[in-house]
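In what follows, a structure is listed as structure tokens, so that the remarks can point back to it.
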Amino acid sequence: MKWKHPVFVALVCAMVGMGQSAVASEPAEEVRQMVDTYIDHADPELTAAALMATAHMGSEDQRDQLEVYKTAVGQQERLATAAALMLTDDAEAVEFTVEQLLGATDTPGALTRLWAYLPEDKLQQVLDAAFDEASPPQQRAILYFMADQTGPIYDVLVQRAMGEDEAIREMAMEALSYTTGEQTLEVAERFSGVGDASIRAQKLDITEALLDRRDLRSTLVSFLGDAVGDSDSDIRRRAARQLVVLGDQRGTEVLSAALVGAESQERIEILEHLLEYGARADIAEIRPLIEEVELDESADRQRERELLYAFAATDVDTELLADLSRKMSSTTFNDRLVALHALGYTRLPEARQLLTGALGEGRSDVRRLSAQGLGQMAEPDSLNDLRSQLTGEGDDEVRLELIHAISQIRDARSVQILQFLRTDRNPEVRLALVEALGALALPESVRSLEHLLQQRDSHIQWRAFVTLLELDSEAAGRHLSTVLRNPPDRFGHDLDPHGMSEEARELVYEAILTHSTSRVRSVGVNHVKSNRDALMPIARKAVVNPDVQEDTRVDLVHIIATENNDEDKSVFERVLRDFSSEAGGLIAAWKLIERGDSDTREIFAEIAEEEEDTPMAIIARLALATLE
């Protein structure tokens with residue numbers, strides 16, 4: 001049947017909260033007759049609907065029959081019976097519903113059914129009772145379901161994340177981090193006032209998931225600025241690391257101070273983080289640490305020595321430059337390594353000369369570090385030397401570093417040098433070329449990226465598309481259907497809706513949500529769930545798009561419904577009018593009846609005239625009776 005779908009039971013939700021006295025007698029009697037027709041139907045969807053209709057509108061004799069269906073063979077019928085008993089306030093309803101939920105083979109699917117069957121307060125009763133009895137995988141499914149909700153159910157998730165059980169806290173935080181936006185940042189604020197430092201630290205799990213959100217940068221900097229004043233040293237240190245990622249000097253100051261007295265491995269981790277995100281040192285603070293490590297000539301501290309000199313070089317003075325020059329001329333190879341790691345950070349002409357001289361040496365590690373240093377300096381005058389070395393270089397690791405170095409020099413000649421790599425046999429080189437063209441972000445990059453879209457390697461092709469999308473969304477749009485034919489398995493991880501322009505977001509996600517394969521569409525649905533603030537406008541357009549598949553429309557209606565936004569009434573009206581035979585139309589009908597707006601009677605009257613012996617026919621007549 002055309003209406004057969006797991007969420008067919010949404011018709012029942014249209015009846016939630018409606019006593020028999022609120023229903024006009026004639027439509028109510030029609031529904032009772034349908035209960036008699038479908039209560040033992042071979043189609044479990046129709047039986048489930050009849051069971052739920054019985055809970056609200058059935059006669060006393062019909063409601064008494066619910067007990068019989070607790071032993072039904074089908075899991076779907078038992079779950080509907082459980083929900084029906086919940087609505088009749090049966091004394092054993094919660095216990096039986098928990099038993100059905102935890103016995104279901106598909107916990108997320110069973111949760112979705114209960115969401116369709118039950119009002120929020122009764123659903124919460126079931127979730128509370130089920131959680132402690134559930135296995136860890138089931139608990140995780142329940143927590144992720146809560147993350148998709150708003151209001152009281154979402155608040156319970158937050159409370160779980162602040163509870164005493166460490167394992168449950170971890171799962172709850174995982175679920176909270178699944179959705180990224182201002183709502184989760186507000187949750188992070190709630191953790192700040194908790195006395196237990198281990199719980200308080202969880203706010204930084206949330207902020208870490210938001211660090212790429214450029215639109216939230218100022219809010220994050222303010223929040224993390226407060227966190228570096230926390231009484232717990234681990235929280236201070238971790239907040240500081242995140243501030244460094246955001247380019248805030250307070251993070252650098254905290255981590256630089258932490259270098260003093262730190263063990264060698266901890267010092268290495270701090271220095272690598274500072275250098276990775278472009279932090280700048282105060283050489284007066286670093287010099288004593290250099291003196292300390294120079295007194296210990298053991299090979300174990302070589303990496304620490306290299307990083308200390310490199311960080312100090314970001315605030316280079318004449319004394320340090322002279323020291324690095326001497327090390328570069330040393331016969332001790334470890335001294336030369338120290339110089340090679342540090343010279344690029346000085347950005348001085350003398351350093352560029354030393355690095356250029358080492359670019360053609362016999363040792364591949366020397367050539368690689370020389371290329372790395374020249375890339376850090378990003379001087380256009382280095383392009384000829386880098387091009388010459390790239391042309392004759394035989395070591396793949398050095399070639400990759402040369403490509404990266406050229407990508408840091410924003411000059412049209414950089415694209416000209418790199419574009420010949422489009423046909424390189426090494427896929428790592430071609431992928432590095434894609435990243436390099438994106439880093440250069442020059443108009444000349446666009447044509448080369450379009451050529452790379454012809455690659456047979458789907459991963460390279462997709463990365464070229466995502467990069468092109470950032471530079472020229474119009475050009476990327478011309479290739480969208482091609483790259484979406486068979487995108488790589490984890491293609492969604494490369495998409496950042498917050499980093500796209502509005503036009504690019506709409507272009508990409510409309511194509512994904514209307515795609516012919518469920519694998520691609522499910523990525524779009526998951527992105528909408530986890531990036532609601534960026535993608536809800538697109539979801540509202542897609543849900544009424546006739547090109548959207550029925551299963552995806554159901555998902556989108558569900559997501560929009562959980563927003564509890566009064567402005568979505570017009571969206572549901574259109575879904576109801578245009579897709580009344582689909583499961584998504586049934587859920588939309590429920591939402592409209594739940595709102596109780598009498599001005600939707602006209603739509604339901606039209607449907608009542610058109611539909612007979614379908615779930616929507618029952619809902620339409622019920623609406624006409626209750627919305628008078």
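To the nearest 10 degrees, how steeply does helix 302-312 sit against the main Cα axis of the chain, on a 0 to 90 scale? Computed tilt is about 90 degrees. Dimensions of the chain along the principal axes, based on C-alpha atoms and rounded to the nearest Å, stand at 98, 55, 41, largest first.
Scaled against 2.2 N^0.38 Å for its residue count N, the alpha carbon radius of gyration of region 245-334 is 1.06.
The string of couplings for region 462-477 from the Karplus curve (6.51, -1.76, 1.60, θ = phi - 60°) is 5, 5, 5, 5, 4, 5, 4, 4, 5, 8, 8, 5, 5, 5, 4, x Hz, one whole number per residue in order, with x for Gly and Pro. Counting only alpha carbon atoms, the long axis of helix 44-57 and the longest principal axis of the chain meet at about 60°. Once Rh for region 56-214 is found with the Kirkwood sum over Cα pairs, what is the Stokes-Einstein diffusion coefficient at 20 °C and 1.002 mPa s, in µm²/s? Result for D is 126 µm²/s. Residue separation of residue 92 and residue 381 scaled by 0.36 nm, minus their Cα-Cα distance, works out to 96.0 nm of gained length.
Taking the alpha carbon gyration tensor of region 540-596, multiplying each eigenvalue by 5 and rooting it gives semi-axes of 16, 11, 10 Å, largest first.
Overall, the ratio between the Cα radius of gyration of region 324-477 and 2.2 N^0.38 Å, rounded to two decimals, is 1.10.
With the convex hull of the Cα atoms taken as the outline of region 177-242, the averaged projected area works out to 3.9 nm².
Against the chain, whose longest principal axis comes from its Cα atoms, helix 249-259 is set at around 70 degrees.
Projecting the alpha carbon convex hull of region 412-567 along each direction and taking the average yields 9.2 nm².
The gain in end-to-end length when the residue 365 to residue 273 segment is fully stretched comes to 30.9 nm, 0.36 nm per residue minus the alpha carbon separation. Estimated from the Cβ-Cβ distance and a Förster radius of 22 angstrom, the FRET efficiency linking residue 294 and residue 197 is about 0.05. Under the convention that each Lys and Arg Cβ holds +1 and each Asp and Glu Cβ holds -1, the size of the dipole of the chain around its Cα centre is about 2300 debye. As a ratio to 2.2 N^0.38 Å, the alpha-carbon radius of gyration for region 483-611 is 1.11. Remark on residue 39: its backbone amide H falls under 5 Å from none of the residues 5 or more positions apart or on other chains, H modelled at 1.01 Å from N.
In terms of packing, defined here as the mean over residues of other Cβ atoms within 10 angstrom, the peptides 324-333, 392-401 line up highest first as 392-401, 324-333. Using a cut-off of 12 Å between beta-carbons, work out the net charge of the residues near residue 354 (Lys and Arg +1, Asp and Glu -1, residue 354 not included). Taking every Cβ under 12 Å from that of residue 354, the sum is +2.
Each stretch of four or more DSSP H residues adds -39500 (n - 2.57); spread over every residue of the chain, this sum gives -20500 deg cm²/dmol at 222 nm. Once the Cβ-Cβ distance of residue 61 and residue 564 is raised to the sixth power relative to R0 = 30 Å, the FRET efficiency obtained is 0.25. Peptide packing for 463-472, 43-52 was compared via the average number of neighbouring C-beta atoms within 10 Å per residue; ordered from the highest value, the list is 43-52, 463-472.
Enclosing the Cα atoms of region 257-413 in their convex hull gives a volume equal to 112 cubic angstrom per residue.
On the basis of the beta-carbon distance and an R0 of 22 Å, residue 129 and residue 166 show a calculated FRET efficiency of 0.45.
With each label point set 7 Å from Cα along the Cα-Cβ vector, what nm distance links residue 102 and residue 391? The answer from the label model is 7.3 nm. Peptide packing: for 509-515, 144-150, 610-616, the average count of neighbouring Cβ atoms within 10 Å per residue gives the ranking 509-515, 144-150, 610-616, highest mean first. Amide H contacts for residue 72 (H built 1.01 Å from N in the peptide plane; partners 5 or more residues away or on another chain; cut-off under 5 Å): none found.
Computed from label points 7 Å out along Cα-Cβ, the spacing between residue 447 and residue 284 is 5.3 nm. Using θ = phi - 60° in the Karplus curve 6.51 cos²θ - 1.76 cosθ + 1.60, the 3J(HN,Hα) couplings for region 106-116 round to 10, 4, x, x, 5, 5, 5, 4, 5, 4, 6 Hz; x is entered for Gly and Pro.
In the full protein context, the chain carries 44 Å² of accessible surface per residue, based on a 1.4 Å probe and ignoring ligands, DNA and RNA.
Rolling a 1.4 Å probe over the protein chains gives residue 590 an accessible area of about 20 Å². 3J(HN,Hα) couplings calculated from phi for region 554-571 with the Karplus curve 6.51 cos²θ - 1.76 cosθ + 1.60 (θ = phi - 60°) are, in sequence order, 4, 4, 5, 4, 4, 4, 5, 4, 6, 6, 6, 9, 4, 6, 7, 4, 5, 5 Hz; Gly and Pro show x.
The length gained on full extension between residue 578 and residue 317, counted as 0.36 nm times the residue separation minus their Cα-Cα distance, comes to 86.8 nm.
Evaluate the distance, in nm, between pseudo-label points positioned 7 Å from the Cα of residue 214 and of residue 42 along their respective Cα→Cβ axes. Rounded to a tenth, the inter-label distance reads 6.0 nm. Within the accessible area of the chain, the carbon and sulfur atoms contribute 44%, probe 1.4 Å, all protein chains present.
The values are calculated or read from the model by the stated rules, or taken from the named source; none is laboratory data. Note that this is a predicted model, so its numbers are computed, not measured. Quick reminder, even Gly has a Cβ in these numbers, built from the backbone with ideal geometry, and neighbours come from all protein chains shown. Surface accessibility is based on the protein's heavy atoms, side chains included, excluding ligands, DNA and RNA. Shrake-Rupley method; radii C 1.70, N 1.55, O 1.52, S 1.80 Å.
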